[in-house]
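Asks: What follows is a structure written as structure tokens; I'll ask about it next.
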Amino acid sequence: MNHFDYKQGLLYAEDVPVPVIAQAVGTPFYLYSAATLTRHFQAVDQAFADVDHITCFAVKSCSNLSILEMFGGMGSGADIVSGGELFRAVKAGIAPKKIVYSGVGKTAEELHYALTTGILMFNVESVQELAALQEVAARLNLKAPVALRVNPDVDPQTHAYISTGLASNKFGIAIEAAAHIYQAAADMANIEVVGVSCHIGSQLTTVAPFIESLHKVIGFIKELAKSGIEIKYLDMGGGLGIQYEQEKPPPPAEYAAALKEAMAGLDCTLIIEPGRVIVGNAGILVTRVIYTKATGKNFIIVDAGMNDLARPSLYNAYHDILPVLEARDDRQEADIVGPICESGDFLARGRMAPVCEPGDLLAVMSAGAYGFTMSSNYNSRPRAAEVMVKGGDFQVIRKRETFADLIRGETGSENG
């Protein structure tokens, strides 16, 4: 699953002891394993090797430039949801013709940027967005390659905040209403209809919702063909889950086999947008215990807070938390909390944890996806460093922010 293991009672990342990195870079920091990232990307991409496909890594899950460069070097494209993510993907050397642009709120400036960059296609999510794209493309005298993101109204059986395929979600166009919008798009002078897009949610732990959605989308593609609209690309999004606690998601090979079976005979290039399944278990957040206290319950206070890892506070998400020095026998029930001035600032609640002392290091596991990318400067806290381990070496791939970084761009009586 990953390359974070205990060796002689000490947690290692590949061949490097975690305390060695902590001593060099300070805490908290995100730590990624290059070997795990490589293995997970290849497991997903190679599962589809026998069909025409493009693997477009979901940049929102983990957007560090070094990681994007690594995936680009393995042939990855990018699934982006902002102009900033487009900038990152291009800067990392990912070919524009392997970039798809999703998201419900693309601005005119972002549409212009993506059009002039020459991306593969826009996953359009509303009639008004389609009209805006036509207008921008006309001004540039370009044709915009388009897929409509259709919403199949399938329950992904995941957390409500990361469900995107239900009729009640903000994403996409109801599949029942999409045919006439496709016809309108085909009639627009600066729009080229090239695909159909569908993404139903994140952290799915069963194949069934994917296949239910796929059958609906394939039926829709066949209906479009009858009206003369041919589809080149079928973008089925991402969403395959990982194990955080007791989940048992299907392996990529099982997921791929199910999709390929359902697509048999369909003449389309498949686009997949994996994110969490590649990076989730390839990264950890390392934090140091500052204090402990007991006030009727036990608290372990660490130097990483909800600004560093938002998922526990936002989703009540579970992350396993391991002592970097392998656990002693003495354990207690405790809340593991950060320094943020919020009662909602926690990494774990009611967790059986080893009895800790100030200075101890803890590793928050499965933090590679939506960890650093969702971090913030709340409480004016500099964001953490990001570090990559490769074999016996490690490299800082994003420096820890400084206090000066916090006020960059602001004006005041003394700084501009």
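Rule-based calculations on the coordinates, nothing more; no lab input. A quick note: this is a predicted structure, and the numbers were derived from the prediction, not measured. Here the Cβ positions follow ideal geometry from the backbone for every residue, glycine too, while neighbour counts run over all protein chains shown.
Asks: Below 17 Å, Cα to Cα, which aspartates and glutamates can residue 91 reach? Residues fewer than 8 away in the same chain don't count.
Replies: List returned: 69, 79, 110.
Asks: Can you find, among 195, 113, 249, the residue sitting farthest towards the positive end of the charge dipole of the range 34-276, where Lys and Arg contribute +1 and Asp and Glu -1 at Cβ?
Replies: Result: 113.
Asks: Moving on to the next point. Taking amide H atoms as placed 1.01 Å from N in the peptide plane, list the residues 5 or more away in sequence, or in a different chain, whose amide H sits under 5 Å from that of residue 151.
Replies: 173, 174, 175
Asks: Highest GNM mean-square fluctuation, the chain, Cα pairs closer than 10 Å: which of 42, 243, 395?
Replies: 395
Asks: Please list, ordered by chain and number, the residues whose modelled amide H lies under 5 Å from the amide H of residue 57; skip anything fewer than 5 residues away on the same chain.
Replies: Here 77, 78, 79 satisfy the definition.
Asks: In the range 43-140, what GluC sites (Glu not before Pro) fall in a loop by DSSP, with at most 13 other Cβ atoms inside 10 Å?
Replies: Numbers: sites: 69, 85, 109, 110, 125, 129, 135; in loops: 125.
Answer by residue number: there is no such site.
Asks: Rounded, prolate or oblate: pick one for the range 34-276, where a ≥ b ≥ c are the square roots of the eigenvalues of its C-alpha gyration tensor, a/c under 1.5 means rounded, and failing that, prolate if a/b is larger than b/c, else oblate.
Replies: Details: a/c = 1.61, a/b = 1.20, b/c = 1.35.
Here the range 34-276 falls in the oblate category.
Asks: In debye, nearest 20: dipole of the chain around its Cα centre with unit charges on the Cβ of K, R (+) and D, E (-)? The partial results should precede the final answer.
Replies: On the way: 34 positive and 47 negative charges, 77 e Å.
Once rounded to the nearest 20, the dipole reads 380 debye.
Asks: Follow-up. Where Rh is the Kirkwood radius over the Cα pairs of the range 223-357, the temperature 4 °C and the viscosity 1.567 mPa s, what D in µm²/s does Stokes-Einstein return?
Replies: This corresponds to a translational diffusion coefficient of 71 µm²/s.
Asks: Next up: How many times 2.2 N^0.38 Å is the alpha carbon radius of gyration of the range 237-290? Spell out each step's value before the answer.
Replies: On the way: Rg = 15.7 Å, N = 54, 2.2 N^0.38 = 10.0 Å.
Taking N as the residue count of the range 237-290, the ratio is 1.57.
Asks: Sticking with this one: Mind scanning 143/232; 106/390; 7/293; 106/248; 60/106 and naming the pairs with a C-alpha gap bigger than 25 Å?
Replies: 106/390; 7/293; 106/248
Asks: How big, in percent, is the set of alpha carbon pairs in the range 285-416 lying more than 20 Å apart?
Replies: Working: 4202 of 8646 pairs.
Taking all Cα-Cα pairs of the range 285-416, the fraction more than 20 Å apart is 49 percent.
Asks: Now a separate question. If you bin the C-alpha pair distances of the range 10-101 every 5 Å from 0, what whole percents do you get?
Replies: The calculated distribution, bin by bin, is 3, 13, 22, 19, 16, 12, 9, 5, 2, 0.
Asks: Which trypsin sites (Lys or Arg not before Pro) from the range 307-413 combine a DSSP loop assignment with at most 15 other Cβ atoms within 10 Å? Spell out each step's value before the answer.
Replies: Working: sites: 328, 331, 349, 351, 383, 390, 398, 399, 400, 408; in loops: 328, 383, 399, 400, 408.
When the trypsin sites (Lys or Arg not before Pro) of the range 307-413 are filtered for loop state and at most 15 Cβ neighbours within 10 Å, 328, 399, 408 remain.
Asks: How large is the translational diffusion coefficient of the chain in µm² per second when you combine the Kirkwood radius over alpha carbon pairs with Stokes-Einstein at 37 °C and 0.692 mPa s?
Replies: Values: Rh = 22.6 Å.
Rounded to a whole number, D works out at 145 µm²/s.
Asks: Which ³J(HN,Hα) values in Hz, rounded to whole numbers, follow from the phi angles of the range 235-245 under the Karplus curve 6.51 cos²θ - 1.76 cosθ + 1.60, where θ = phi - 60° and Gly and Pro get x?
Replies: 9, 9, x, x, x, 4, x, 10, 8, 9, 9
Asks: Mind jotting down the distance between the C-alpha centroids of the range 242-302 and the range 34-48, whole Å?
Replies: About 14 Å separates the Cα centre of the range 34-48 from the one of the range 242-302.
Asks: Further question: I'd like to know which of 258, 355, 22 lies farthest towards the positive end of the charge dipole of the chain, counting +1 on Cβ of Lys and Arg and -1 on Cβ of Asp and Glu.
Replies: So the residue we want is 22.
Asks: Once the principal axes of the Cα atoms of the range 30-81 are found, what is the range along each, listed largest first in whole angstroms?
Replies: Answer, in whole Å and largest first: 35, 27, 16 Å.
Asks: Measure out, as a whole number of angstrom, how far apart the alpha-carbon centroids of the range 94-131 and the range 342-416 sit.
Replies: Computed from Cα coordinates, the inter-centre distance equals 31 Å.
Asks: Short version: ³J(HN,Hα) in whole Hz for each residue of the range 98-110, in order, from phi by Karplus 6.51 cos²θ - 1.76 cosθ + 1.60 (θ = phi - 60°), x for Gly and Pro, what are they?
Replies: Result, ordered by residue: 10, 10, 10, 10, 9, x, 7, x, 5, 7, 4, 5, 5 Hz.
Asks: Please identify the GluC sites (Glu not before Pro) of the range 308-416 that satisfy two criteria: DSSP loop assignment and at most 11 other Cβ atoms within 10 Å. Which are they?
Replies: Details: sites: 326, 333, 342, 386, 401, 410, 414; in loops: 326, 342, 401, 410, 414.
Those satisfying the criteria are 410, 414.
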